[in-house]
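Taking it in order: structure first as structure tokens, then the write-up.
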Amino acid sequence: MALTIGSAVPSETGTSVLARARERASLIPDLLIEAQRIANTVTNGWHGRRRRGNGDTFWQFRPYDQGESMTRIDWRRSARDDSVYVRDQEWEAAHTVWIWADSSPSMLFKSEAAQVSKQSRALVLALAMTEILAKSGERVGWPGITNALSSRVAAERIAAELMVATPDDDLAFPPLANIRRRSELIVISDFLEPIDTTLGRINEAAEQGIHGSLIHVVDPAEERFPYSGRTEFTDPESGNKLTFGRAETLADEYATLFKARRDALAQQCKRLGWNYIVHHSDNLASTALVALHVRLSGEALS
């Protein structure tokens, strides 16, 4: 059972799932505007994921390496001094990036220390990253919702599809059926499903030749455990409750278990060459976007 700190939440029914779908739909227009604002801030002064490759746009001059074709030498630049220079073009081939944000009930949690729920922050991160990648010329899609789109308005189109989609609580990880080998997969979640299940799905994706990035969204209360005295904890997916008379006695054991989960995810990602980023929902969304963008910029995706 994935236990989440929070107030009493009734067990899920068809009616409550529909209510959550309507609530998410009502949030998306404002979240899209916020995502576009953040994306513009993050990309200000950046020039995409610049790499050497086939393209028409000049990138840089660099020293000639022995063994390279002499047709690549820029003789005009080389004539300025005693060195031989090659003219590099910028890589312009589009890549496919799939972005998925967890929509399970646990993502609705918001403590007093955070201004937004984990769901709101995850959607903003997903839409903002879509905006950034789409403007860089990448194909972007949402597994199970859209195909990969090559459009500068991909964020708007994905947001429109999300507004009419019903949250699928059975998904602890995005569906992989339509994700091809050598694609990039960005998963934004609180990763509160059984850890073996999550690690198994990460392995499955890696075995299919997919490169991934995990953004682990954490409410500050989930990490700091600021509870004491009589406290009721509720599983948001089943409605099961546990009440403790002195919640503070759980703090040390809880911290150990929470750290172990993070360490397991981090170690698995490191082993597979994936990215793992922890984002606290009381921090600016741009911090996670910058961290992810920098890591993606240094990778030669194809």
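The values are calculated or read from the model by the stated rules, or taken from the named source; none is laboratory data. On a predicted model such as this, the values are computed, not experimentally measured, just so you know. Cβ atoms come from the backbone with ideal geometry, glycine included; neighbour counts cover every protein chain shown.
Structure data summary
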read-out	value
Met163 closer than 24 Å to Asn40 by Cβ, in the same structural domain as Asn275 (by TED's automatic domain parsing) and either out of contact with any helix residue (DSSP H, G or I) (no Cβ under 6 Å at 6 or more places or on another chain) or surrounded by 19 or more Cβ atoms within 10 Å (Cβ to Cβ) (or both)	no
Any hit, segment 281-294, residues being more than 30 Å from Asn40 (Cα to Cα), surrounded by 19 or more Cβ atoms within 10 Å (Cβ to Cβ), of a type outside the set (Lys, Arg) and assigned by TED's automatic domain parsing to the domain that holds Ala126	no
Leading residue by the ranking (modelled with the lowest pLDDT) among those in segment 37-47 that are under 17 Å from the mean Cα position of the chain (by Cα) and closer than 12 Å to Ala285 by Cα	Val42
Segment 159-178 residues that are at negative phi and at pLDDT 90 or above, paired with ones that are among the hydroxyl-bearing types (Ser, Thr, Tyr) and surrounded by 13 or more Cβ atoms within 10 Å (Cβ to Cβ) (beta carbon under 6 Å, 6 or more apart)	Glu161/Thr146
Any hit, segment 171-188, residues being assigned by TED's automatic domain parsing to the domain that holds Asn40, surrounded by fewer than 16 Cβ atoms within 10 Å (Cβ to Cβ) and in a helix (DSSP H, G or I)	no
Strands (runs of 3 or more DSSP E) contained entirely in segment 63-144, each with at least 1 residues that are over 30 Å from Leu284 (Cα atoms) and either modelled with pLDDT under 90 or of a type in the set (Asp, Glu) (or both)	85-89
Subset tally (residues that are surrounded by fewer than 18 Cβ atoms within 10 Å (Cβ to Cβ) and farther than 27 Å from Leu192 by Cα) for segment 106-146	2
